[in-house]
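Heads up: the structure comes next, in structure tokens.
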Amino acid sequence: RKEVEQDPGPFNVPEGATVAFNCTYSNSASQSFFWYRQDCRKEPKLLMSVYSSGNEDGRFTAQLNRASQYISLLIRDSKLSDSATYLCVAVSGAGSYQLTFGKGTKLSVIP
Amino acid sequence: ETGVTQSPTHLIKTRGQQVTLRCSSQSGHNTVSWYQQALGQGPQFIFQYYREEENGRGNFPPRFSGLQFPNYSSELNVNALELDDSALYLCASRAAGPQGEAFFGQGTRLTVV
């Protein structure tokens, strides 16, 4: 079983739609969680951190459920510029800071 | 721009050869990590360096090795290249501590033929 698993995708949605990404992690010792965005042939860039209390940044909402080891990302009012691959990340590694990435879910927002 | 630069951006090598990839970390960042991203996959952790010492390693064979220099820049060396080593190699730097964000360089795309 992979440490971080995401919806396989791809997701093709019309502009203005709401889209949800789901992710589960297997290492209960994981300390922190993030969503990264990666554009085609580019490096990953931090989208937002994920907290148990949930956090919102404009059209983006992230949520962590430690009991279920489940992480989510919700994008409201999708824009064409949201088209990218979204990577779920768990941080682990005793004494180090190891980012464990999911495989990523590709989102295409269609006009 | 993240301030993390990698070189070269693209590289083609022959199976069995050796390769060295370089990374300059962002100013003030003393921790550098390397990741391998195969096509269609998420990045996989190779190893991490903190103050010139390796302090974490993923599931990669010993032919993957690295260095960190006093200015915190870093190298990734891969010996005896295999076809499956073809991937995007990403370097990430961060400041020490639990809250430091990791910033990625643009990556080096390695093709082994």
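The values are calculated or read from the model by the stated rules, or taken from the named source; none is laboratory data. Remember, it's a predicted structure, so these values are computed and weren't measured experimentally. Heads up, the Cβs are rebuilt from the backbone with ideal geometry, glycines too, and the neighbour counts pull from every protein chain shown. Just the protein is used for accessible areas: all its heavy atoms, side chains included, with ligands, DNA and RNA removed. Shrake-Rupley method; radii C 1.70, N 1.55, O 1.52, S 1.80 Å.
Out of B:Asn77, B:Asn59, report the one residue that is free of Cβ contacts under 8 Å to residues at least 60 places away in the same chain and either touching a Leu at 6+ places or on another chain (Cβ under 9 Å) or of a type in the set (Lys, Arg) (or both).
B:Asn77
Among (1) more than 11 Å from every other protein chain (Cβ to nearest Cβ); (2) crowded, with 20+ Cβ neighbours inside 10 Å, where does A:Gly58 come up short?
Of everything listed in (1) more than 11 Å from every other protein chain (Cβ to nearest Cβ); (2) crowded, with 20+ Cβ neighbours inside 10 Å, A:Gly58 misses just condition (2).
Looking at B:Gly40, B:Gly66, can you tell me which residue is facing chain A (nearest Cβ under 10 Å) and among the small types (Gly, Ala, Ser)?
Just one listed residue meets the conditions, B:Gly40.
Taking the stretch A:1-37, which residues are within 14 Å of chain B (Cβ to nearest Cβ), open to solvent by less than 20 Å² (accessible area, probe 1.4 Å) and in contact (Cβ under 8 Å) with a residue 60 or more places away in the chain?
A:Val4, A:Phe21, A:Cys23, A:Tyr25, A:Ser30, A:Tyr36, listed by residue number.
I'd like the full set of residues that are closer than 15 Å to B:Val78 by Cα and either outside any strand (DSSP E or B) or within 13 Å of the chain's Cα centre (by Cα) (or both), limited to the stretch B:1-32.
Answer for the stretch B:1-32, where residues must be closer than 15 Å to B:Val78 by Cα and either outside any strand (DSSP E or B) or within 13 Å of the chain's Cα centre (by Cα) (or both): B:Ser7, B:Pro8, B:Thr14, B:Arg15, B:Gly16, B:Gln17, B:Gln18, B:Val19, B:Thr20, B:Leu21, B:Arg22, B:Cys23.
Return yes when A:Tyr97 is within 17 Å of B:Gln44 (Cα to Cα), touching a Cys at 6+ places or on another chain (Cβ under 9 Å) and among the hydroxyl-bearing types (Ser, Thr, Tyr) and no when it is not.
Considered against the rule, which asks whether it is within 17 Å of B:Gln44 (Cα to Cα), touching a Cys at 6+ places or on another chain (Cβ under 9 Å) and among the hydroxyl-bearing types (Ser, Thr, Tyr), A:Tyr97 comes out as no.
How do the strands (runs of 3 or more DSSP E) wholly within the stretch B:47-111 filter down when requiring 2 or more residues that are small (Gly, Ala, Ser), open to solvent by less than 30 Å² (accessible area, probe 1.4 Å) and at negative phi: which remain?
B:87-94
Any idea which of (1) open to solvent by less than 30 Å² (accessible area, probe 1.4 Å); (2) within 25 Å of A:Ser32 (Cβ to Cβ); (3) modelled with pLDDT of 95 or more is the one B:His29 doesn't satisfy?
(3)
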